[in-house]
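Reviewing the structure listed below.
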Amino acid sequence: AEVGRSMASQIARRSVANDNDCLFTSIGYLCEPEKAGSIGRGLAGRLRRVVADRIASDPELFSEPVLGMAPEAYQRWIQDHFNWGGETEIFVLSSHYDVEVCIVSCEAGQIYTYNEGSDKRGRIYLLYTGQHYDPLVGLKGADAASKDEVKRFPTGFHDLDGQMIVLAEEVAEAQRRKLREKRIKKIRCNGCGHLCDDPEDFKFHCLDERFAEAHGEDFDYMCEEVEVVLTEQEAAETSGMPDFANADLVHTFYDIESEPLSTKYPCVPPIVVDGLEYPTVQHVDLAAKFVGNAAGRGIVETIRATPSVSDARSAAYSVDDSHADPSFTPEKRKDILRAAIFAKFGLRLLQSADGKSETSQLPGDAYAMMRTHLLATGDRFIALVGDDKWIGVQALGGVPQGKNVVGDILMSVRDELRALGIASSE
């Protein structure tokens, strides 16, 4: 009901379902307070029919140029619950209820009034975020019960406009902040709550003696996937990587056989690591954990003998870890992968007398094409994008997550090629 100007001292936002009926639901909530408990799809459908009937009754006012489609088509369109209501519906329903409808726009930071006039039966307010409508009500105090809320104000009411604009600005800022936030997946340890990057990271966490006390004697080695929300600054600090949306800063590629930089690209001549030849970098990576165990030598030979990456993977996963080198670690895997990728581009890693790594160039010009592809990336950050967050990164939601081991090694190779004076046009 309409109230005196001084009865409401505060504004409150009431939430309605975030669906395509939100405009109709919000107006019905404010204009039919006696039915507030039954607000829903039924009310929205009834108000959609009110709009359709009004359009049918005045084809001159609601013409095709105004509606953007033939009036008959619009009547069917607006009664479909998958379609939003907008300015036409506000105009029709403000007349239907004989009220002023004020739209508090979060985007513009302004209040727009429809069907304005002192002869109307009051004024209602709706907050519009740019995608959703919610009703605004007045309260007599911060602790006022919902049954005492003011849904309809006097015509020409402006006493709380300032509060409404502030609310709109706060909602707009919250939306902008949410857009800047990034959501990433983590693995949470059920024993101590520690967040791990991936299942492999969780496996090493379980064996880390620093967490033994936190895990306790009954630790069950269980974990769960959780979503973590990072602010824009936290996301940048966590990833340590540039904006993946900027192609001037980042060169991304997928791990597929047709991509020269990928681990699956067939290498001619073959890659040689520790005296053994392999068809691709991935063959080296798949065989790496078996090389140091006599029980795994047969698997290594099977992997080396097949040119197919998928067949090599099948061979690697056909046996259990009893065939693997028990001293094999992620660091050792990284060192072997580094040697393989350097060899792919015709570079040999050598260990100097003082323990430092040195690089020499392999003879022949068979590596020219590969080097050209790599040097063509310029100074851009290189990232392998895919599901494996150890060799590459995932970039879901725009946030790069992963160790990007292959990308980092490729950038090291690029630096070495330049240091050796090898140009992309060789």
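The values are calculated or read from the model by the stated rules, or taken from the named source; none is laboratory data. Just so we're clear, the structure is a prediction, and the values are computed from it rather than from any experiment. So basically every Cβ, Gly included, is an ideal-geometry build from the backbone, and we count neighbours across all protein chains shown. What goes into the accessible areas is simple: the full protein's heavy atoms, side chains included, and nothing from ligands, DNA or RNA. Shrake-Rupley method; radii C 1.70, N 1.55, O 1.52, S 1.80 Å.
If you go through the stretch 1-47 and pick out every residue that is at pLDDT below 90, among the polar types (S, T, N, Q), open to solvent by less than 60 Å² (accessible area, probe 1.4 Å) and closer than 22 Å to Val166 by Cβ, you end up with 1. Screening the stretch 178-207 for residues that are free of Cβ contacts under 8 Å to residues at least 12 places away in the same chain and within 30 Å of Pro135 (Cβ to Cβ) and picking the one that is most open to solvent (accessible area, probe 1.4 Å) gives Leu179. For the criterion of being among the aliphatic types (A, V, I, L, M) and either modelled with pLDDT under 95 or assigned to a helix (DSSP H, G or I) (or both), Ile111 fails.
Within the stretch 330-361, the residues that satisfy the criterion of being in a loop (DSSP other than H, G, I, E, B), on the phi < 0 side of the Ramachandran plot and either in contact with a Pro (Cβ under 8 Å, 6 or more places away or on another chain) or modelled with pLDDT under 75 (or both) are Ser352, Ala353, Asp354, Lys356. Pairs meeting the criteria (first residue in the stretch 368-382 and touching a residue at least 60 places away in the same chain (Cβ under 8 Å) and surrounded by 17 or more Cβ atoms within 10 Å (Cβ to Cβ), second residue part of a helix (DSSP H, G or I) and of a type in the set (D, E, K, R), beta carbons under 6 Å, at least 6 apart or on different chains) are Leu374/Arg414. Let me spell it out: the conditions are (1) closer than 22 Å to Asp161 by Cβ; (2) touching a His at 6+ places or on another chain (Cβ under 6 Å), and Val50 meets all of them except one. Which number is the exception? Only one criterion is unmet by Val50, namely (1). Kindly evaluate Lys289 against the criterion of being among the basic types (Lys, Arg), surrounded by 18 or more Cβ atoms within 10 Å (Cβ to Cβ) and within 24 Å of Pro400 (Cβ to Cβ). In short, no.
Of the residues making up the stretch 288-317, those that are free of Cβ contacts under 8 Å to residues at least 12 places away in the same chain and within 37 Å of the chain's Cα centre (by Cα) number 5.
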